[in-house]
Amino acid sequence: MSAKPIKILGIPGSLRELSFNRALIQAASDVAPEGVDVEMFLLHDVPFYNADVEVQGNPEPVQRLKDAIGASDGVLFATPQYNASVSGVLKNAVDWASRPAFESVLLEKPVAIIGATTGRSATEKARTELMNVLRSTRSHVMESPTIGISNSRDHIEAGDLHSEEVRDQIRDLLADFALFIRGHSLSEAAD
């Protein structure tokens, strides 16, 4: 009997159609190891977080985000680096998903982080900040491995990741993330 497939929700932190980080999530879907499915969730329709709106109920795009995270076994975030930090659109999505506090769909959810940027930083600051934000939501953060791609134009063209080296890195990260998720599931079952 084979193990149940692992469902990973991939969330790119950029709204651009040909975003480098969207290309990373697409590549993750393409190279996922057997038994791992990666589905992309785009953040185009998620409104700015507003507690006054939240009190009236989640807007439909927010509910879809929360439902998708809740139905996944883990979340793979792909973050760009804007002004030495995580993108506003990705932070906004995490803010919505983290509500209600201590009961959110991110609580104890396994998460992993990758990122791409045109600069030389390999999104190091953005990935570190996103890890800190996700730790505050009490997500189960896989701190290593993580992937940061610098000079992304050398690896991604017209929304397509053409670097076999990076595709191999993503495949390896997904295999590690699948083990991380399974280990998390086993520890939850033992509780």
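The values are calculated or read from the model by the stated rules, or taken from the named source; none is laboratory data. The structure displayed is predicted, hence computed values, not measured ones. Don't worry about glycine lacking a Cβ; one is built from the backbone with ideal geometry, like all the others, and counts go over all protein chains shown. Just so you know, the surface numbers come from the protein's heavy atoms only, side chains and all, with ligands and any DNA or RNA stripped out. Shrake-Rupley method; radii C 1.70, N 1.55, O 1.52, S 1.80 Å.
Residues in segment 24-37 that are open to solvent by 20 Å² or more (accessible area, probe 1.4 Å) and not acidic (Asp, Glu): 5 in all. Restricting segment 171-191 to residues that are over 16 Å from Lys7 (Cβ atoms) and modelled with pLDDT of 95 or more leaves a set whose member that is surrounded by the most Cβ atoms within 10 Å (Cβ to Cβ) is Leu173.
Restricting to segment 73-104, name every residue that is crowded, with 23+ Cβ neighbours inside 10 Å and in a loop (DSSP other than H, G, I, E, B). Scanning segment 73-104 gives Thr79, Pro80, Gln81, Val86, Ser87. Kindly indicate whether Asn92 is modelled with pLDDT of 95 or more, farther than 20 Å from Thr117 by Cα, out of contact with any strand residue (DSSP E or B) (no Cβ under 9 Å at 6 or more places or on another chain) and not acidic (Asp, Glu). No: the conditions fail for Asn92. The conditions of being among the acidic types (Asp, Glu) and surrounded by 13 or more Cβ atoms within 10 Å (Cβ to Cβ) are not met by Asp168. Yes or no: Thr128 more than 13 Å from the chain's Cα centre (by Cα), surrounded by 13 or more Cβ atoms within 10 Å (Cβ to Cβ), at pLDDT below 95 and not in a strand (DSSP E or B)? Taking the combined requirement at face value, the residue does not satisfy it. Listed by first and then second residue, the pairs linking a residue in segment 109-124 that is in contact (Cβ under 8 Å) with a residue 24 or more places away in the chain and of a type in the set (Asp, Glu) to a residue that is surrounded by fewer than 23 Cβ atoms within 10 Å (Cβ to Cβ) and assigned to a strand (DSSP E or B), with Cβ atoms under 7 Å apart and 6 or more places separating them unless they lie on different chains, are Glu124/Gly148. Can you work out which of the residues in segment 142-154 that are part of a strand (DSSP E or B) and open to solvent by less than 20 Å² (accessible area, probe 1.4 Å) is farthest from His184 (Cα to Cα)? Result: Ile149.
Could you please find all residues in segment 51-89 being closer than 22 Å to Gly159 by Cα and touching a strand residue (DSSP E or B) at 6+ places or on another chain (Cβ under 6 Å)? Of everything in segment 51-89, those that are closer than 22 Å to Gly159 by Cα and touching a strand residue (DSSP E or B) at 6+ places or on another chain (Cβ under 6 Å) turn out to be Val75, Leu76, Phe77, Ala78, Thr79.
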